[in-house]
């Protein structure tokens with residue numbers, strides 16, 4: 001059996017797009033070899049991604065500059081506590097900020113947000129919504145009690161956001177789905193809270 005040709009150094013320890021590999025001189029046959037996994041259409045990886053972080057990094061090469069991880073995916077990357085039904089969610093959530101088309105990739109859920117209403121940051125090597133905007137997006141997926149837990153963690157033991165930042169992010173959502181629940185949650189969130197769980201969570 002002929003030994004498989006080694007991949008370029010830049011592609012060995014990360015997921016990558018097929019077209020980028022082709023541009024680097026990797027043959028189509030090498031990209032079809034069984035030692036490479038296909039986490040998402042048009043991507044390859046030397047190691048199967050298992051955690052949310054790993055799957056996000058596997059999908060990241062497919063994203064445009066206006067697309068970021070959001071909702072429960074961003075929450076998992078940031079370490080925001082989630083109810084058991086959403087922990088390790090198999091589908092990744094991606095928000096397109098602006099007017100372009102939402103992401104359409106098997107294994108991902110595409111969302112859209114108006115420019116200026118959602119902001120982006122970088123954590124663990126991928127772009128995602130800011131902690132405050134992640135909190136806002138979670139309102140469409142969490143109960144009120146679960147949202148309060150997430151907010152307590154953000155302004156408390158995680159320290160990813162201040163209460164003022166959450167208030168500003170909610171203000172940018174005025175008129176959109178979930179805003180009433182968000183306002184109720186803000187009234188219950190306590191800066192400096194170190195309570196990781198509340199009764200009924202999980």
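The values are calculated or read from the model by the stated rules, or taken from the named source; none is laboratory data. Just so it is clear, the structure is predicted and the values come from calculations on it, not from any experiment. Neighbour counts are summed over all protein chains in view; Cβ atoms, including those assigned to glycine, are modelled from backbone coordinates with ideal geometry.
Listed here are the residues, each with its yes/no results for (1) surrounded by 20 or more Cβ atoms within 10 Å (Cβ to Cβ); (2) in contact with a strand residue (DSSP E or B) (Cβ under 6 Å, 6 or more places away or on another chain).
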{"residue": "79", "(1), (2)": "no, no"}
{"residue": "88", "(1), (2)": "no, no"}
{"residue": "96", "(1), (2)": "yes, yes"}
{"residue": "125", "(1), (2)": "no, no"}
{"residue": "139", "(1), (2)": "yes, no"}
{"residue": "145", "(1), (2)": "no, no"}
{"residue": "149", "(1), (2)": "yes, no"}
{"residue": "153", "(1), (2)": "yes, no"}
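Restricting attention to region 48-74, the residues being in contact with a helix residue (DSSP H, G or I) (Cβ under 8 Å, 6 or more places away or on another chain) and not in a helix (DSSP H, G or I) number 4. Among the residues of region 33-47, the ones that are touching a residue at least 12 places away in the same chain (Cβ under 8 Å) and part of a loop (DSSP other than H, G, I, E, B) come to 7 in all.
Of all positions in region 111-125, at least one carries a residue that is in contact with a helix residue (DSSP H, G or I) (Cβ under 6 Å, 6 or more places away or on another chain), under 17 Å from residue 172 (Cβ atoms) and in a strand (DSSP E or B).
In the set (1) within 30 Å of residue 152 (Cβ to Cβ); (2) surrounded by fewer than 14 Cβ atoms within 10 Å (Cβ to Cβ); (3) in contact with a strand residue (DSSP E or B) (Cβ under 6 Å, 6 or more places away or on another chain), residue 48 fails one condition alone, (1). Quick one: would you say residue 30 is modelled with pLDDT of 85 or more, touching a helix residue (DSSP H, G or I) at 6+ places or on another chain (Cβ under 9 Å) and either farther than 23 Å from residue 105 by Cα or not in a loop (DSSP other than H, G, I, E, B) (or both)? It is true that residue 30 is modelled with pLDDT of 85 or more, touching a helix residue (DSSP H, G or I) at 6+ places or on another chain (Cβ under 9 Å) and either farther than 23 Å from residue 105 by Cα or not in a loop (DSSP other than H, G, I, E, B) (or both). How many residues are outside any helix (DSSP H, G or I), under 22 Å from the mean Cα position of the chain (by Cα) and within 18 Å of residue 75 (Cβ to Cβ) when one looks only at region 140-190? Result for region 140-190: 14. Do the conditions hold for residue 133, that is, is it in contact with a strand residue (DSSP E or B) (Cβ under 9 Å, 6 or more places away or on another chain) and outside any loop (DSSP other than H, G, I, E, B)? Yes. Restricting attention to region 75-102, the residues that are more than 16 Å from residue 125 (Cα to Cα) and either in a helix (DSSP H, G or I) or in contact (Cβ under 8 Å) with a residue 24 or more places away in the chain (or both) total 14.
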